[in-house]
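These notes are about the structure you will find just below.
No value in this document is a laboratory result; all are computed from the given coordinates. On a predicted model such as this, the values are computed, not experimentally measured, just so you know. Here the Cβ positions follow ideal geometry from the backbone for every residue, glycine too, while neighbour counts run over all protein chains shown.
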Amino acid sequence: MNTSSKPRVLVLGAGFGGLELTSLLSETFGDGIDVTLIDKSDAFVFGFSKLDVMFGHRTADAVRLPYSNYAKPGVHLLRQTVTAIDPERRRVTTDGGVHEADFLVVALGADYDFDATPGLADTNEFYTVAGAERLRDVLPTFTKGRALVGVCGAPYKCPPAPSECALMLHDYLVKRGVREACEINFVLPLPSPVPPSP
Ligand SMILES: Cc1cc2nc3c(=O)[nH]c(=O)nc-3n(C[C@H](O)[C@H](O)[C@H](O)COP(=O)(O)OP(=O)(O)OC[C@H]3O[C@@H](n4cnc5c(N)ncnc54)[C@H](O)[C@@H]3O)c2cc1C
């Protein structure tokens, strides 16, 4: 039960969606509402930063934006893992306890299902920071042969990212003087890299 006069807003996930919403709420209502933002991680990373990590332009540490630097009036950020959601009662269980809300927002993003495609787990990927770091170490060993940038199915996060990867790989290989010895293939389940903007 809410004993305070302020409406309680509970936002699950401090990714793009959760951070944008809680920032807007804070800028609009300030201390007039009681916003709790929950995320299991200690830092936010922009999706595009993973390309920078992969091509060695920036380190994984340099692209981490710690949540401890996120201070917005009226917003309490908790580092906890959500384990259950009761949407009817607007009640959420985490590894840190139970939270109740007047308004509940779920912004937990989407996880990757590597096992859905046989063999995918054994290839390289840049959609996670750990995967981008592994590729950063593999790329310098690629001096000739074929590279395949592939997407296993739609929908997927950030439709332009695989095209960006292929183009950045081209530049990377040109700079290293091995482009002529390498072929870049691109496999996409969409008719064009970014269908809404041909
Ligand atoms: C390589 C790459 C490049 C991209 N480039 C761009 C770009 O240039 N421009 C652009 O607009 N978009 C880009 N994107 C897409 C963008 O990152 C996503 O669209 C966006 O992150 C989705 O936002 P979201 O809030 O729905 O989820 P997310 O940002 O994924 O946030 C979900 C949050 O929920 C948390 N969470 C999940 N489960 C739990 C749990 N059980 N308990 C607690 N917390 C949990 C996670 O830790 C995470 O912080 C890119 C994505 C990738 C992978």
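Here are the numbers for the structure shown:
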{"item": "DSSP beta bridges in the range 8-106 [antiparallel fraction, %, rounded to 5]", "result": "40"}
{"item": "Fewest-first ranking of CYS152, CYS182, using other Cβ atoms within 10 Å as the exposure measure", "result": "CYS152, CYS182"}
{"item": "Selected from THR22, THR93, THR117 as most flexible by GNM, with the chain as the system and alpha-carbon contacts under 10 Å", "result": "THR117"}
{"item": "Prolate/oblate/rounded label for the chain (Cα gyration tensor, a/c 1.5)", "result": "prolate"}
{"item": "SER4-LEU148 pseudo-label distance in nm [points 7 Å out on the Cα-to-Cβ vector]", "result": "5.4"}
{"item": "Calculated FRET value between VAL174 and THR81, using beta carbons and R₀ = 45 Å, to 0.05", "result": "0.55"}
{"item": "Environment charge at ALA107 (Cβ cut-off 11 Å; Lys +1, Arg +1, Asp -1, Glu -1)", "result": "-2"}
{"item": "Cα centroid separation, the range 8-23 to the range 116-152 (Å)", "result": "31"}
{"item": "Label-point separation in nm, ASP111 to PHE48, each point 7 Å along Cα→Cβ", "result": "2.9"}
{"item": "Candidates ALA161, ALA130, ALA110: whichever shows maximal mean-square fluctuation once the chain is modelled as a Gaussian network with Cα springs under 10 Å", "result": "ALA110"}
{"item": "Cα-centre dipole for the chain with unit charges at Cβ (Lys and Arg positive, Asp and Glu negative), debye to 20", "result": "380"}
{"item": "Residue order, fewest to most beta carbons within 10 Å, for SER68, SER26", "result": "SER68, SER26"}
{"item": "Lys/Arg +1, Asp/Glu -1 at C-beta; the chain dipole; positive extreme among VAL53, HIS76, GLY145", "result": "GLY145"}
{"item": "Gaussian network model of the chain, Cα within-10 Å springs - most flexible of PRO118, PRO87, PRO66", "result": "PRO118"}
{"item": "Percent of beta bridges antiparallel (DSSP, the chain, rounded to nearest 5)", "result": "35"}
{"item": "Helical mean residue ellipticity (222 nm; -39500 (n - 2.57) per DSSP H run of 4+; nearest 500) of the chain", "result": "-7000 deg cm²/dmol"}
